[in-house]
Amino acid sequence: ATRETGAMYDAAVAFADRCVGELLARPDGSESLAKTAVLVTSDHGEEILERWRAERDRPDSLRYYYRGYGHGHTMYDELLRVPMILRLPDRRYAGARVSSAVGHIDVAPTLLGLAGITSDNPRYRPEGIDLASILGSAGDSARAMRSEATLYGAEVKALAAAGRKIVARFADGERERYDLETDPQERRDAGAAERPAFESLESELDRWLSSLPPEPDPRSASETGGTSIDDAQLRQQLEALGYIQ
């Protein structure tokens with residue numbers, strides 16, 4: 001079943017790739033495309049039973065974490081590593097690759113930069129970097145990337161930089177640590193002897209988490225994985241996300 005599901009997923013990716021190619025190859029749009037920037041990415045990957053555990057082997061607080069399929073419940077690379085392809089006008093930097101980490105947080109500043117839209121007001125200046133500005137360069141290899149999942153059960157957050165990743169599980173308060181260079185499949189949680197190599201990343205993760213509004217008690221999660229929060233908590237979270245001011 002896993003092999004068949006994986007093959008169907010691969011077929012869906014190939015179909016999407018073909019559709020993008022057909023769009024870019026349309027003869028009636030060739031003139032406008034020469035002056036158009038195109039950015040293609042995906043919002044997430046999919047887990048296809050890579051982390052599945054039988055229900056009898058799952059702690060109750062992690063029943064969604066080890067569900068084994070879909071997305072929005074873990075922070076492993078099968079969900080986080082997605083393509084991001086930028087086609088610049090006149091095919092500038094065609095074939096160039098950015099070796100440092102980039103993320104969806106860079107989409108807005110990249111497209112705004114290409115459109116020549118800027119703002120002197122920091123409130124309206126998006127986070128992230130303009131990827132067009134680092135094409136043809138090595139970029140920042142030590143850049144830390146944040147990720148988070150809130151779809152099922154309690155939140156899960158991750159911070160990755162320089163080939164290492166720490167995953168913070170809110171459901172049980174535990175953390176997972178992975179050396180992505182020696183363990184790219186994230187199968188071996190770093191032991192105590194390796195913990196010192198994660199100290200800098202751990203401190204940065206702590207600073208990020210301490211800046212966030214309080215997390216609702218995961219024990220209030222409903223059967224569908226939702227959480228129950230009061231109006232004050234909801235407002236605080238919406239303010240932190242920038243939806244209200």
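A few points about this structure:
- Carbon plus sulfur fraction of accessible area for the chain, probe 1.4 Å, in percent: 51
- Cα gyration tensor category, rounded, prolate or oblate, for region 86-130 with a/c compared to 1.5: oblate
- When peptides 112-118, 166-172 are sorted by average Cβ neighbour count within 10 Å, with the highest value leading, the order is 166-172, 112-118.
- Spread over its residues, the convex hull of the C-alpha atoms of region 1-123 is 156 Å³ per residue.
- Probe 1.4 Å - accessible area at Thr150, Å² to nearest ten: 90
- Here the spin labels are modelled as points 7 Å beyond Cα on the Cα-Cβ line, and at Leu212 and Thr5 they lie 2.6 nm apart.
- Rounded accessible area per residue of the chain, 1.4 Å, Å²: 64
- Annotation: Cα Rg of the chain relative to the compact-globule expectation 2.2 N^0.38 Å equals 1.14.
- Heavy-atom SASA rank of Tyr76, Tyr64, Tyr9, Tyr124 (probe 1.4 Å, accessible area, largest first): Tyr124, Tyr9, Tyr64, Tyr76
- When only the Cβ of Lys, Arg, Asp and Glu is charged (+1, +1, -1, -1), the dipole of the chain relative to its Cα centre reaches about 460 debye.
The values are calculated or read from the model by the stated rules, or taken from the named source; none is laboratory data. Computed from a prediction, not measured in an experiment: that's the story for all the values here. In this analysis, Cβ positions are derived from the backbone assuming ideal geometry, glycine residues included, and neighbour counts consider all displayed protein chains. Only protein heavy atoms, including side chains, enter the accessible area calculation; ligands, DNA and RNA are left aside. Shrake-Rupley method; radii C 1.70, N 1.55, O 1.52, S 1.80 Å.
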